[in-house]
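The values are calculated or read from the model by the stated rules, or taken from the named source; none is laboratory data. Note that the structure is predicted; figures quoted are calculated from it, not measured. No Cβ is skipped: glycine too gets one built from the backbone with ideal geometry, and neighbour counts run over all protein chains shown. To get the accessible areas, we keep the full protein, side chains included, count just its heavy atoms, and leave off ligands, DNA and RNA. Shrake-Rupley method; radii C 1.70, N 1.55, O 1.52, S 1.80 Å.
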Amino acid sequence: MTDWKTSFDDGVANFKRKNYKEAIELFTTAINAQSPGHMALESRAAAYEQIDELKEALSDCRTLMKLFPDRHNGYTRAAKILVRMKEYSRAVNIAKTGLSRIEEPKGRARLETVLESALAAQTNNEPHQEPSECYISKLPHELLALIFEELVETGQMSPVRMCH
């Protein structure tokens, strides 16, 4: 059985040399050698992110959030990845969920920064819907009364339904 610490340290060294695929294999070995620790999962997610395997990175983030709900790492990385994937609403929701669960000040500060970035990206990239114009308000009241009277008399609309 491989020592998880050796595999993890070798994975970190490969990550620093930008050998991301080798780092992923070593982090996986470290994870399989013991119950997954947050450092190995976080590091593997980072390596997946570097080679644009974002779904795999998100999978590790989900595992982090499930196993370590009180640590910011999974929420922070997941929100950043979702912004890269242009899934801004999901990124905002993940960051807010993390903020509701994380008490540690540094982790909260990181999550707040990510939340601000996600909100800015959402504002800048999602199409802004102009409120639709209400044409009913432009009709003369007499004509509007006739329309509603006709709808009620023919049974197509009840007065209560028209009010909602």
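Using alpha carbons only, how many degrees (0 to 90, rounded to 10) separate the axis of helix 20-33 from the longest principal axis of the chain?
Compared with the principal axis, the helix lies near 80 degrees.
With the other protein chains left in place, how much accessible area per residue, in square angstrom, belongs to the chain at a 1.4 angstrom probe?
66
To the nearest 10 degrees, how steeply does helix 73-84 sit against the main Cα axis of the chain, on a 0 to 90 scale?
That helix lies at roughly 60 degrees to the long axis.
Can you tell me the order of 91-98, 12-19 when each peptide is scored by its average per-residue count of other Cβ atoms within 10 angstrom, highest first? Write out the running numbers ahead of the final one.
Values: 91-98: 22.0, 12-19: 14.4.
Output ranking for 91-98, 12-19: 91-98, 12-19.
Could you point to the label whose value was computed as Rg and Dmax of the Cα atoms in Å for the structure here, given [x] 16.1, 48; [y] 14.7, 48; [z] 25.8, 86?
[z]
Tell me the mean residue ellipticity at 222 nm calculated for the chain from its helices only (DSSP H runs of n ≥ 4, each -39500 (n - 2.57), averaged over every residue, nearest 500).
-23000 deg cm²/dmol
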